[in-house]
């Protein structure tokens with residue numbers, strides 16, 4: 001049985017990308033690696049829509065979140081951590097762990113952040129130096145109106161630090177237009193590459209913050225990344241195979257182009273949401289305008305054990321979904337539709353859910369499961 | 001021209017290992033990954049010769065050094081940083097970066113650390129809580145007498161934190177017998193796996209230190225690794241492909257067995273050193289008893305530009321060596337002989353050096369380069 005991995009990352013990778021993963025090792029301090037790093041960095045900037053400095057670092061999504069925090073801030077810095085779910089909470093937790101004075105601005109899980117509420121907080125407290133915000137909240141399937149949020153933050157003249165781990169390249173995120181100071185993503189999301197590298201862009205204002213930043217850092221020190229990039233190197237041994245894979249992925253991504261990628265993610269998300277509603281199920285996001293184009297969160301159907309549903313889809317029908325994370329455990333399940341994904345993948349995912357619901361005896365009020 | 005990558009990591013990987021790198025992604029929070037992680041962890045313990053807790057983390061060698069420091073120590077802790085080269089210095093730098101009160105015990109580059117000098121420091125200063133020490137110093141090609149050093153540290157009842165990045169699995173390092181509290185290695189060394197994961201073992205005493213440790217950490221927090229390991233997971237998305245590769249590598253490593261690996265590294269290092277001396281060149285380590293079995297450092301021959309030698313070997317003969325690092329830049333070059341390496345690789349490396357020396361007009365005093 002071939003597996004349809006429909007979790008919000010790691011995403012399945014195309015054969016060309018997987019083949020590239022098996023490239024032989026090279027000297028990471030030699031000319032071949034330097035050329036590869038340069039090529040990938042320049043290419044990434046065209047997807048980030050930025051002329052800011054950009055670095056590839058060898059870590060996960062959480063690692064790039066930590067990187068942004070520790071390079072931007074000092075212990076004691078007042079920070080507004082905007083959260084609409086588990087990853088927003090995590091961003092605040094990282095800042096707190098490193099000694100920031102974190103003001104939490106939490107929105108109900110399933111909703112998007114309200115830019116007006118952010119404006120009010122910033123107006124109220126001039127000491128807030130930076131805003132931490134999640135672009136796409138993977139745990140709830142909600143995308144924040146980042147453009148509007150960034151506008152507010154810039155009006156109020158603060159730093160904006162963005163977790164775009166599960167959005168960049170899949171959901172519109174023009175880094176320069178929105179003036180994002182730090183913005184990070186991970187290879188295992190829309191980039192169709194296995195986990196192992198993350199990418200982060202830093203604005204001029206971001207570098208000014210770096211200069212003042214006193215949070216302790218070594219492995220994640222972007223100043224070291226900058227120094228070594230000048231020699232075509234990374235400060236520490238990089239996950240070379242993922243560089244190869246990203247290089248191969250760009251051959252495919254470029255065929256679609258950024259706008260094509262955004263459109264496809266929109267189309268497949270629309271298809272997923274329509275299919276879910278047709279099955280009589282309920283989207284977890286309260287307002288569909290903010291439902292994510294990379295991951296759909298669905299409330300567990302009444303009377304059905306969500307973990308049984310996920311298990312049956314995996315074991316009987318070869319479709320792998322994610323359950324709920326943190327306080328949503330047991331309340332929702334999630335369908336990833338980012339990276340290498342097409343209409344057939346979504347159809348087979350929806351069909352698996354339909355069959356599992358039938359097997360588990362579920363029939364929604366209005367709609368027969370076989371409809 | 002096939003390339004003979006003779007740097008001290010990343011090392012070339014066997015075809016079976018590279019093939020495994022191209023495995024399709026799986027859910028890192030599912031049963032398949034849990035089984036893989038469990039299998040690799042148990043297997044690694046047999047190579048570490050330890051029954052301590054052991055974790056695979058997604059980072060480089062420097063990342064695992066930072067992991068050990070921040071999980072063992074608190075700001076202000078008095079630490080003895082034993083250094084015989086660039087990586088020993090780095091270990092101390094990491095500790096200092098995170099606020100430790102670092103007492104440096106530096107030995108001349110090219111020599112090994114003297115256990116008696118370490119004993120004297122520990123006797124003199126009872127406030128020293130931990131000793132940071134490099135097992136195999138990649139920058140100078142010297143292996144410290146870690147067994148003797150560990151004995152001294154334990155006699156004096158301190159924590160010992162060991163960078164075994166380029167030794168474990170290749171050079172004798174029995175973790176339990178030597179009572180090493182924290183010991184870390186990286187996939188891209190003797191394990192024959194691409195860079196992307198590192199492994200760290202923690203003793204009971206190490207965990208007691210962890211409980212008191214106040215250095216700030218999030219991504220590298222081993223307590224989180226421990227909590228998630230209980231569910232068969234990692235706290236953050238792991239570099240899954242390297243797990244596949246390590247699994248494949250163990251099929252090969254197990255055929256040789258740990259003792260077989262140690263013997264092969266000894267044999268090939270002996271062969272390398274003999275060949276270098278036959279060419280009339282001088283080993284950088286002052287006392288050959290401490291010359292490393294994973295990397296040979298060679299003083300640049302008089303009258304020959306070392307960087308030209310390295311460049312010619314790479315461009316003309318397809319053999320890639322490393323130059324000198326940090327203050328040894330321009331003074332030495334280095335041959336890696338760890339991981340996937342055999343007699344032919346060493347012969348071709350020595351032959352390339354011989355040819356390049358000839359082309360660069362070098363002839364040693366006593367020995368003709370064609371001898």
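For the stretch B:56-73, a residue qualifies if it is buried (at least 24 other Cβ atoms within 10 Å of the Cβ), in contact with a helix residue (DSSP H, G or I) (Cβ under 9 Å, 6 or more places away or on another chain), more than 9 Å from chain A (Cβ to nearest Cβ) and assigned to a helix (DSSP H, G or I), and the qualifying residues are B:68, B:72. The residues on offer are A:260, A:232, A:206, and the sole one that is over 20 Å from residue B:186 (Cβ atoms), part of a loop (DSSP other than H, G, I, E, B), more than 12 Å from every other protein chain (Cβ to nearest Cβ) and at pLDDT 95 or above is A:232. Evaluate the stretch B:45-52: report whether one residue or more is within 9 Å of chain A (Cβ to nearest Cβ), touching a strand residue (DSSP E or B) at 6+ places or on another chain (Cβ under 7 Å) and in a loop (DSSP other than H, G, I, E, B). No, that holds for no residue. Only residues that are within 12 Å of chain A (Cβ to nearest Cβ) and either over 25 Å from residue B:266 (Cα atoms) or part of a helix (DSSP H, G or I) (or both) were counted in the stretch B:314-338, giving 3. Among the residues of the stretch A:3-16, just one is under 18 Å from residue B:238 (Cα atoms) and not in a loop (DSSP other than H, G, I, E, B), namely A:5.
Highlighted here are the helices (runs of 4 or more DSSP H) found entirely within the stretch A:75-186 that include at least 2 residues which are closer than 22 Å to residue A:64 by Cβ and within 19 Å of the chain's Cα centre (by Cα): A:86-97, A:146-155. Taken together, B:354, B:302, B:288 contain a single residue that is surrounded by fewer than 22 Cβ atoms within 10 Å (Cβ to Cβ) and under 22 Å from residue B:3 (Cβ atoms), which is B:354. Against the numbered list (1) away from every other protein chain (no Cβ under 14 Å); (2) more than 23 Å from the chain's Cα centre (by Cα), residue B:253 comes up short only at (2).
In the condition set (1) closer than 23 Å to residue A:169 by Cβ; (2) within 14 Å of another protein chain (Cβ to nearest Cβ); (3) buried (at least 22 other Cβ atoms within 10 Å of the Cβ), residue A:86 is compliant with all but (3).
When you look at residue B:225, is it in contact (Cβ under 8 Å) with a residue 60 or more places away in the chain, under 21 Å from residue B:60 (Cβ atoms), in contact with a helix residue (DSSP H, G or I) (Cβ under 6 Å, 6 or more places away or on another chain) and within 14 Å of another protein chain (Cβ to nearest Cβ), yes or no? No; evaluated as a whole, the condition is false for this residue. In this entry, residue A:193 is excluded by the filter for residues that are more than 14 Å from every other protein chain (Cβ to nearest Cβ), crowded, with 24+ Cβ neighbours inside 10 Å, in contact (Cβ under 8 Å) with a residue 60 or more places away in the chain and not in a helix (DSSP H, G or I). Could you list, in sequence order, all residues of the stretch B:17-38 that are buried (at least 21 other Cβ atoms within 10 Å of the Cβ), in a loop (DSSP other than H, G, I, E, B) and either more than 10 Å from chain A (Cβ to nearest Cβ) or out of contact with any strand residue (DSSP E or B) (no Cβ under 9 Å at 6 or more places or on another chain) (or both)? Within the stretch B:17-38, B:22, B:28 meet the criteria.
The values are calculated or read from the model by the stated rules, or taken from the named source; none is laboratory data. The model shown is predicted, which means the values in this text are computed figures rather than measured ones. Here Cβ is always computed from backbone atoms with ideal geometry, including for glycine, and neighbour counts include all displayed protein chains.
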